[in-house]
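What follows is a short report on a single structure.
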Amino acid sequence: MKKNIIYIVLLALVTSISFSSCEDMLTPDMDRNDEIDAVAADTLYSYWGILKSLQSVAERYVILGECRGDLVSGTEYVSDSIHAILDFQTSDVATADGACRYLKASDFYHVINSCNAYMAKCDTLRRTGTDRSYMIKEYAQVASIRAWVYMQLLLTYQRVPLIDTPVLSTEDIDAVHSSGRFVTIDDFADSPIVQKLEEVANVDYPNYGEYKNLVHSTLCLFPQHLVLGDIYLLRGKQGDKDSYRKAAQHYYSYLNSEWGGVIQTNTMYGLMERNIVTDYFELGLSSGWPGMFNTTTEVEAAQEVVTVIPSSMSKLFGSVQRGIQQLFGFDSETSVRTNAEDTVTTVAVTLYENFKHELGASKSYENLNHAQDYEAYIGTSDKNDCKVINGAGDARYYMSTNNRPNYESDDSELVNFVMKQNMGSALVSVSGGRGTAFVGRVNSIVFPSAYPIIYRKGSIWLRFAEALNGAGFPGYAFSILKSGLCGNEAWVPTLTTRYQPDEIRYFGIENGDSTFFASADELKDSYIQRATNEGLVFSEDEATRETEYQTYLTDNGIMLGSDTLSYNEWPDEAYPETDLVCYHIGRRETREAQSYPFFTFQTDKGYLRGSGTTYQYAFGGTDREIASGMIAERFNEDALTTGIHTRGCGRVKPYERNTVFNYVDQINKMLAEDGEATLTKKQIYQEANLPKVQKAIAHLILDELALETAFEGNRFFDLVCYSRFCGSADELAKRVASRSGTMDGGLRTRLQTESNWFFKLPNP
């Protein structure tokens, strides 16, 4: 049976492999790349041919990833094939390989076989005049693409044939046919596919400028460290710290590079306005949100989008991908015009609502967003407080979905649309935490040629948080959600001798040096003895003696003090705010963090430092005041990273006071949702409770992934990783089965068997 499955796949490969000179949107102007000689050019066209072949699996990345998650539901108009995917009908005729255009294993293997052939023929030993391998950058990218596509195969079929050599003839078929090698999620990281990618993990990326003036070539790269991070994160399971540490190291290696960087404060999505007189508020759109999902410019540290599989607006320029838009409710019209004078061709795409679309946001996604607490600073510049705005929810919800009145029906019912891939100026603001009405056809939505998005900063940092949590560092993982993990020395606490567990200590400071004592009496006796030894005779009168003692201290420049030290509770008033920021990171984590390079946030080039100016309040008008969402307190001029949660829920204060998004409350909230007993603050930092804390933080990260990356194709991956971390298939089952708002008992039971998460390979 195994050989028959392999044979069917291989038969499709022999006739489908292509190294043609693909002259479409994914081909740069070779005249602008003088360093490429004729010998290398043919290999480059093969590389671009592989990029083009990725477009055949691009849409299914989103559809299979979201339809098997908990954030998308089918409407009454859903087709049989999409409903079968939503319902995990893995043995149904509707999901048989090839019956649905989103389930065709040979498309994946076509890309893989092209990569195998490329890597077999690419001459990475040929050198340039500067002694650089001609094609090593492209070779590394092909190795990364191959591993990424294999990962998509595993997420679709769970156990798949391993083919790492080119299949170009019937002899090749016989060779692979007889090997009968398979690979699974558990052993993929040990396969030659991943081993080869590890070998080229640190190779730099190629840059060919813009592809046909439509999308920059750097946006089409699959950074090796990100693919490897995903592979090890997917392999991780309960108790497997090694996989999570490997994943963390790879994510860190990317983030700590000129392509990586921090989450900038200017990527916050919500804007809170409050009318002081009427106590009325609005959540408005950030101007950067639509552009973030349709950027075509060169990747840089301050940019959100990292990797896309682009689509052309017209078949004149390459592959057109509009299946995602259609499923979520937008039909398109294309107009092509060529200027007769200079033969410049212009393509315009207009999207229109289709109220009979197949997919919409699920009830569980809506409930999760509405359950979030939006926090904002309310008041004037000299008097303000961080307040929770009841009923506001998460601002990202109002930017990702929209309820539009159906002007085609008599009752003008509201129909849910997923807008995330179809952003434009026709969106509405949100008032009082609920949507307002919009009437009329949409003529101004931008068609996203740079979509789907495979990697972006938000998802990378959240996966880094997953890896850190699995590696045993839940406090550091929480920092990524809350206030950002790095930016300057103040953001990452390090273990020093001043941090003692649960201890009150007394000290004297002289000439900048501190001397510590166990008690106040010991401190005082020490300096009185010192004064006596120096010849000072104290008065017998108690009041006079105290004055003489204080005078001695003053004359010698000695300052006395005391502080309370505790890893379980770092009090705000104990030290200046530039000394401590992450109050939720305890002693064990800071001690163990010293041993791992993925906590080395300060680098010479400063890739993981914030930049820019410190934001303050912005005020306008006479009867309303606008809290920009930026923090009022100034850490220092460099602390300009932000937490992921702040993107949709206002500016969460980095300190634990005055914010509902604090470590202890959020852990207990997640524990309560999972039916677990809550923990005291002291218990949370005890190592015996680390597994409970890790699971709570994993749950919190899973929720944040839903809020931040919904509808982008990641959700099934997220649920699989979470369920494996928890060691329970029911974690995925209960979430998917309750996406409609009520539990589907039959679906939950079926998904409690992990093999039912995946589809079946061709079976003769």
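The values are calculated or read from the model by the stated rules, or taken from the named source; none is laboratory data. If you're wondering where the values come from, they're calculated on a predicted model, not measured in any experiment. Cβ placement follows ideal geometry from the backbone for every residue including glycine, while neighbour counts extend to all protein chains displayed.
Quick notes on this structure:
- Tallying residues that are part of a loop (DSSP other than H, G, I, E, B) and in contact with a Phe, Trp or Tyr (Cβ under 9 Å, 6 or more places away or on another chain) within the range 681-698 yields 1.
- Elements of the type helices (runs of 4 or more DSSP H) sitting completely within the range 206-311 and holding at least 2 residues that are in contact with a strand residue (DSSP E or B) (Cβ under 8 Å, 6 or more places away or on another chain) and either farther than 24 Å from residue 724 by Cβ or modelled with pLDDT of 65 or more (or both): these cover 288-292.
- Residue under evaluation residue 225, criteria (1) in the same structural domain as residue 187 (by TED's automatic domain parsing); (2) without any contact (Cβ under 8 Å) to a residue 40 or more places away in the chain, criterion not met: (1)
- Among (1) part of a loop (DSSP other than H, G, I, E, B); (2) in contact with an Asp or Glu (Cβ under 6 Å, 6 or more places away or on another chain); (3) over 26 Å from residue 75 (Cβ atoms) - the single one residue 678 does not satisfy: (2)
- Residue in the range 150-165 that is nearest to residue 91 (Cα to Cα), counting only those that are hydrophobic (A, V, I, L, M, F, W, C) and either assigned to a loop (DSSP other than H, G, I, E, B) or under 19 Å from the mean Cα position of the chain (by Cα) (or both): 155
- Only one of 451, 407, 476 that is under 24 Å from residue 292 (Cα atoms) and either out of contact with any Lys or Arg (no Cβ under 6 Å at 6 or more places or on another chain) or at pLDDT 75 or above (or both): 451
- Residue 234 meets the conditions (1) surrounded by 21 or more Cβ atoms within 10 Å (Cβ to Cβ); (2) under 22 Å from residue 55 (Cα atoms) in every case but one. The failed one is (2).
- Close Cβ contacts (under 7 Å, 6 or more residues apart or on different chains) running from residues in the range 682-695 that are under 17 Å from residue 468 (Cβ atoms) to residues that are among the hydroxyl-bearing types (Ser, Thr, Tyr) comprise 685/567.
- Condition met for residue 481 (modelled with pLDDT of 80 or more, outside the structural domain of residue 559 (by TED's automatic domain parsing) and in contact with a Pro (Cβ under 9 Å, 6 or more places away or on another chain)): no
- Every residue from the range 74-92 that is touching a helix residue (DSSP H, G or I) at 6+ places or on another chain (Cβ under 7 Å) and not in a loop (DSSP other than H, G, I, E, B): 74, 80, 81, 82, 84, 85, 86
- Flag for residue 320 being farther than 27 Å from residue 597 by Cβ and modelled with pLDDT of 65 or more: yes
- Subset of the range 505-534 (residues that are surrounded by 13 or more Cβ atoms within 10 Å (Cβ to Cβ), among the hydrophobic types (A, V, I, L, M, F, W, C) and within 22 Å of residue 546 (Cβ to Cβ)): 507, 509, 517, 523, 528, 531
- In the set 755, 728, 740, only one residue is surrounded by fewer than 23 Cβ atoms within 10 Å (Cβ to Cβ) and touching a Ser or Thr at 6+ places or on another chain (Cβ under 7 Å); that residue is 740.
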